Amino acid sequence: MQIALAGNPNSGKTTLFNGITGKIEHVGNWPGVTVARKEGRVKSHLCPTRETIQVVDLPGAYSMSPYTSEESITRDFVKEEAPDVIINIVDATSLSRSLFFTSQLLEIGIPTVVALNKRDLKHKKEMTVDTGLLSDRLGCPVVEVAAISGEGFADLVKTAHEVLGRGQKAPFEGPDPATASEEAVKAGDKARFDFVQQLVAEVETRKTESQKQTRQDALDRVVAHKILGIPVFALILYGVFSLSQSTIGPPIADYLVGWIDAFYGYVEGLMGTGIHPLLSALLLDGIIGGVGAIVGFLPLIMVLFFLLALLEDSGYMARVAVVMDPYLKKVGLSGRSIIPMVISTGCAIPGVMATRTIRDERQRRTTALLTPFMPCGAKLPVIALFAGVFFADAAWVGTSMYFLAIGVVILGALVIRKITGDTSKSNYFIMELPEYRLPSLKRAYVAMMSQGRAFVAKAMTIILISNALVHVMQTFTWRFQVVGEGMTDASILAGLAGPISWIMIPLGFGIWQLAAAAVTGFIAKENVVGTLAVVFGITNFIDTEELVLISGSESVAGIMGLTSMAALAYLVFNLFTPPCFAAIGAMNAEFESRAWLLGAVGFQLGMGYTLAYLIYQVGTLVTTGSFGAGVVGGLAGIGLFVGTIYYLIRKREREDLEVLEGVA
Amino acid sequence: MENTCGNRWFRRRERKGCREVAVPKDLTGAKFNESYEIQGIETENQAMADFLFTLGCYEGQRVHVLSALGDNYVIHIKGARYSIDRALARAIRI
């Protein structure tokens, strides 16, 4: 038996889905969190029989005629894949809108149960819904639930099981959109709204009108203010990043690293001297050292995810979109573009997928191209490592990377608009404003644990294998002989990364070890830290003695042999080159265009290279009075990047001109 | 619509006086917390008009403006609140 969950955006479908399946899909208090269908199984204690029940969570939709691409997923699923039962989640506070979609769902003929999500009814108490009457009029069962607390779930699943196999009669039938004329469909839909209006008048009683201004509006006056909203947003971001990276995160990380060190010592002692030194080196330095270097940063990432979950739960995200809209419009994006970017500070893959709620194709693709520039959780260890090793004030460097990212996004948006031209004719903005609510610590905890687990799982698989390979490639020469003392340049890894490091001389870090780390970063960005730990033989980036992030900062910096400007350039290079392969894959799926994918990866490579070049060369000029190595050679690379962009802009302008002449 | 109310920098103060005489034609001129009947959606963007329809925002329906902050208007239609920009507020004729 298969149940589909359908309903308006932000009505609580995924919260209900998580509740009845025990899954931990991403939820948030704004419309458009779910952009793809998710499947799961109903928990066995909720099932009335032994039969397993499949549930499909669908993206929110306002009607059967989709406006954005993720809405069409919902329509296509219920129409073409014919689930056995539909559970239609209805927000009890906006019945007169929600039941429009309900009446369309009832027309399909699949047995339907309405789940009346009464989440706001309780504290408001000034409205009641006669569920018995509603059920009568709709011709389907109506079950009251509270998705957040889990009330009514057993009843809901039982009811869904009961209606299985029954037909469904529609309380209102409109003309068939496939055959009827456009006017007839329009008239039918108006009649449908009239039907809903009448129905709501019968079943709902409201004591006070909900359209009066509330305390929420007073809060919005500050938070969503055109000018004030910007510093509020900046302050909140600063709070999130500095709490995770310098206040709460590092002390916990410090504690964790002590455990990892103890484990390293324990394994070392366990192996004794009976094991071949190559094998023990692989295990200790390659695997435990490399993975441990990353897992040490886990607390920073978990704090970040916890705070992001609180932010998403509060209802603030929709306001950020409102505040940013006029500014983002000026660079050819829309207010909705900010949501993928905030999500990307956790992980770029859901960030890129979140662009589906942007209707305009050019804006959507541009956002998908730019959103991976936001430093994600996997890049956080890289930031924390470099900020700690080379800069005393870690908080300042870390947070400034996020604001630099925003600057890069704005610059990138302007350049891309020049290349593609602004194709959006009327750039309207509309966003449903969810009610603010006190974010739940429990939900944030659950989200944090789930993300933390995923991070550890990744460290134990992809990153562990990468580190082991890096270690092996570093240990052996091309003839599979052990690299001799002081002959590290003869290793396979040095041979592979050497040519790449030439390109990086103008950026200040033309060392094969750093080039190798940058390349493994494309597999997963955490690898940058893991590879550095392996190739430089550093096992502990975080001090266990004091609450200083890095053990012997100067010694780590000394081993790498970098100036602080070169280190900053290396950090920026790793943050602003293309993201990991998985995120590139997500970009590919959203672009649906080879040209955009190639252009995007080229643009990201060029952007990372240019930024690193500028930081290193200008920084070196300021600090030492002369340019760094390879200043001329690097200009050639940047010339190629800028030249290509210039050519593309001119090409588009010529085409525009031809179109104009054609019209004349 | 805007210029009838004088200098935009003093709009807030002058608007009050203005409203007495000018009957608002679209949501940018609407009084707060007053119910208006939508006369129509005036836009070349048919997809947006269709989308507004699914929210219950079409001729004959009631709409409230709850607040206006810069270019953002918070409106209330059929039990739900939305933030819209000035361009869209101008497209909704009342």
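Side notes on the structure shown:
- Accessible surface area normalised per residue over segment A:254-373 is 32 Å², counting heavy atoms of protein chains with a 1.4 Å rolling probe.
- Across segment A:582-606, the residues whose backbone nitrogen lies under 19 Å from the label position 7 Å along the beta-carbon direction of A:Tyr646 are A:603, A:606.
- Rounded to two decimals, the Cα radius of gyration of segment B:24-93 over 2.2 N^0.38 Å is 0.97.
- Taking all protein chains together and a 1.4 Å probe, the residues A:Val482, A:Val632, A:Val142 rank A:Val632, A:Val482, A:Val142 from largest to smallest accessible area.
- Once the Kirkwood radius over Cα pairs is known for segment A:335-431, the Stokes-Einstein relation at 25 °C and 0.890 mPa s delivers a diffusion coefficient of 171 µm²/s.
- Helix A:394-420 and the longest principal axis of the Cα set of chain A meet at an angle near 70°.
- The relative contact order of segment B:24-93 comes to 39 percent, based on Cα pairs under 8 Å that sit 6 or more residues apart.
- Pairs with C-alpha atoms separated by more than 32 Å, drawn from the list A:Lys23/A:Lys379; A:Lys158/A:Lys186; A:Lys38/A:Lys118; A:Lys118/B:Lys25; A:Lys330/A:Lys458, are A:Lys158/A:Lys186; A:Lys118/B:Lys25; A:Lys330/A:Lys458.
- Under 15 Å, Cβ to Cβ, from A:Arg50 - net charge with Lys/Arg +1 and Asp/Glu -1: +2
- The residues packed around A:Gly22, meaning those with a beta-carbon under 15 Å from its beta-carbon, carry a net charge of +4 if Lys and Arg are +1 and Asp and Glu are -1.
- Residues of segment B:38-56 buried by at least 30 Å² on assembly (accessible area, 1.4 Å probe, chain alone as reference): B:Asn45, B:Ala47, B:Met48, B:Phe51, B:Phe53, B:Thr54, B:Leu55
- Residues losing 10 Å² or more accessible surface upon assembly, segment A:217-238, compared with the chain by itself, 1.4 Å: A:Asp217, A:Asp220, A:Arg221, A:Ala224, A:His225, A:Lys226
- Dividing the radius of gyration of the alpha carbons in the protein assembly as shown by their Kirkwood radius gives 1.01 for Rg/Rh.
- Kirkwood-based shape ratio for segment A:231-655, expressed as Rg/Rh from alpha carbons: 0.98
- Spin-label proximity, A:Ala595 to segment A:639-664 - amide N less than 18 Å from point 7 Å beyond Cα toward beta carbon: A:644-660
- The equivalent ellipsoid that matches the C-alpha gyration tensor of segment A:428-471 spans semi-axes of 38, 17, 5 angstrom, in descending order.
- Placed amide H near B:Asn72: partners under 5 Å, 5+ positions off or other chain: none
- Taking every C-alpha pair closer than 8 Å and separated by at least 6 residues, the mean separation divided by the residue count of chain A gives a relative contact order of 12 percent.
- Charge sum, other residues only, whose C-beta stays under 14 Å from A:Pro326's C-beta, Lys/Arg counted +1 and Asp/Glu -1: +3
- Accessible area per residue was computed with a 1.4 Å probe on protein heavy atoms; A:Asp422 scores about 80 Å².
- Heavy-atom accessible area, 1.4 Å probe, ligands and nucleic acids excluded: residues of segment A:428-443 down by at least 40 Å² from chain alone: A:Tyr428, A:Phe429, A:Ile430, A:Leu433
- Computed from the C-beta positions of A:Leu278 and A:Val222, the FRET efficiency with R₀ = 56 Å rounds to 0.35.
- With a 10 Å cut-off around each Cβ of B:68-75, the average count of Cβ atoms from other chains is 6.
- Summed buried accessible area for B+A [probe radius 1.4 Å, Å², rounded to 100]: 3500 Å²
- Beta bridges by DSSP in chain A, antiparallel share as percent, to the nearest 5: 35 percent
- Extension gain, A:Arg654 to A:Thr128: 0.36 nm times the residue separation minus the Cα-Cα distance gives 183.1 nm.
- Adding -39500 (n - 2.57) for every DSSP H run of four residues or longer, then dividing by how many residues chain A holds, sets the calculated 222 nm ellipticity at -18500 deg cm²/dmol.
- Between the residues A:Ile294, A:Val240, A:Val129, the greatest Cα displacement towards the positive end of the dipole of the protein assembly as shown, with unit charges on the Cβ of Lys, Arg, Asp and Glu, is found for A:Val129.
- FRET efficiency estimate (nearest 0.05) - Cβ-Cβ, A:Ala457 to A:Leu270, R0 35 angstrom: 0.90
- Annotation: extensible slack from A:Ile24 through A:Leu235 equals 73.0 nm (criterion: 0.36 nm per residue apart, minus Cα-Cα distance).
- 5 Å-binned pair-distance histogram of segment A:2-206 (Cα, whole percent): 1, 8, 16, 22, 21, 17, 10, 4, 1, 0
- Cβ-derived FRET efficiency at R0 35 Å, A:Thr247 paired with A:Asp76, nearest 0.05: 0.15
- Within the accessible area of segment A:231-655, the carbon and sulfur atoms contribute 69%, probe 1.4 Å, all protein chains present.
- The C-alpha atoms of chain A define a longest principal axis, and helix A:298-314 lies at about 30 degrees to it.
- Sulfur and carbon atoms: percent of accessible area, segment A:29-148 [1.4 Å]: 43 percent
- Between helix A:229-242 and chain A: long-axis angle, C-alpha atoms, 0 to 90°, nearest 10: 50 degrees
- Counting heavy atoms of the protein chains alone, B:Ile41 has an accessible area of about 50 Å² for a 1.4 Å probe.
The values are calculated or read from the model by the stated rules, or taken from the named source; none is laboratory data. Computed from a predicted structure; not experimentally measured. Quick reminder, even Gly has a Cβ in these numbers, built from the backbone with ideal geometry, and neighbours come from all protein chains shown. Each accessible area value is taken on the protein alone, full model and side chains, heavy atoms only, with ligands, DNA and RNA left out. Shrake-Rupley method; radii C 1.70, N 1.55, O 1.52, S 1.80 Å.
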